[in-house]
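A short write-up of the structure that comes next.
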Amino acid sequence: MGKNNLTLIVCLVIGLIAGIIVGQLLEPVSALSFLTKSAQISWEPKADLEVVKYEFHLLVKLNLCSILGLVGAFLIYRRL
């Protein structure tokens, strides 16, 4: 299997989703709250050019589980 950008993106998305799922499953465990505490990153570009007006809102919530999922997915990608 050849390595390309699409394979990397698919691996990272799968790893991120897996990390989010694990984080949600571990949320009720109070001893592991450091893994599930999220940091939010928000970006809201807007423009009104009289002809075209757009607003875009991007919100990313990262926690330690999702970052570990990304790292794991990258390591799996390197082994392919």
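Just flag the chymotrypsin sites (Phe, Trp or Tyr not before Pro) in region 3-80 sitting in loop per DSSP whose Cβ has no more than 13 other Cβ atoms within 10 Å.
Those that pass, being in a loop and sparsely packed, are Phe56.
Scaled to the compact-protein estimate 2.2 N^0.38 Å, what is the alpha-carbon radius of gyration of the chain, rounded to two decimal places?
Details: Rg = 17.0 Å, N = 80, 2.2 N^0.38 = 11.6 Å.
Relative to the rule-of-thumb radius for its length, the chain sits at 1.47.
For the chain, set up a GNM with springs between Cα atoms under 10 Å and report which of Lys53, Lys61, Lys37 has the largest fluctuation.
Highest fluctuation among the options: Lys53.
Give me the number: length gained by fully extending Ile76 to Leu49, i.e. 0.36 nm times residue separation minus the C-alpha to C-alpha distance, one decimal in nm.
5.2 nm
Length gain on complete extension for the stretch Leu64 to Thr7, per 0.36 nm per residue less the alpha carbon to alpha carbon distance? Don't jump to the answer; show the numbers that get you there.
Details: separation 57, 0.36 × 57 = 20.52 nm, distance 2.34 nm.
Value of the extension gain: 18.2 nm.
Taking only Cα atoms and a 10 Å spring cutoff, compute GNM fluctuations for the chain and point out the largest among Leu32, Leu49, Leu68.
Looking only at Leu32, Leu49, Leu68, the biggest GNM fluctuation is shown by Leu49.
Computed from the coordinates by the stated procedures, all read-outs in this text should not be read as laboratory data. Being a predicted model, the structure only gives us computed values, none of them experimental. Here Cβ is always computed from backbone atoms with ideal geometry, including for glycine, and neighbour counts include all displayed protein chains.
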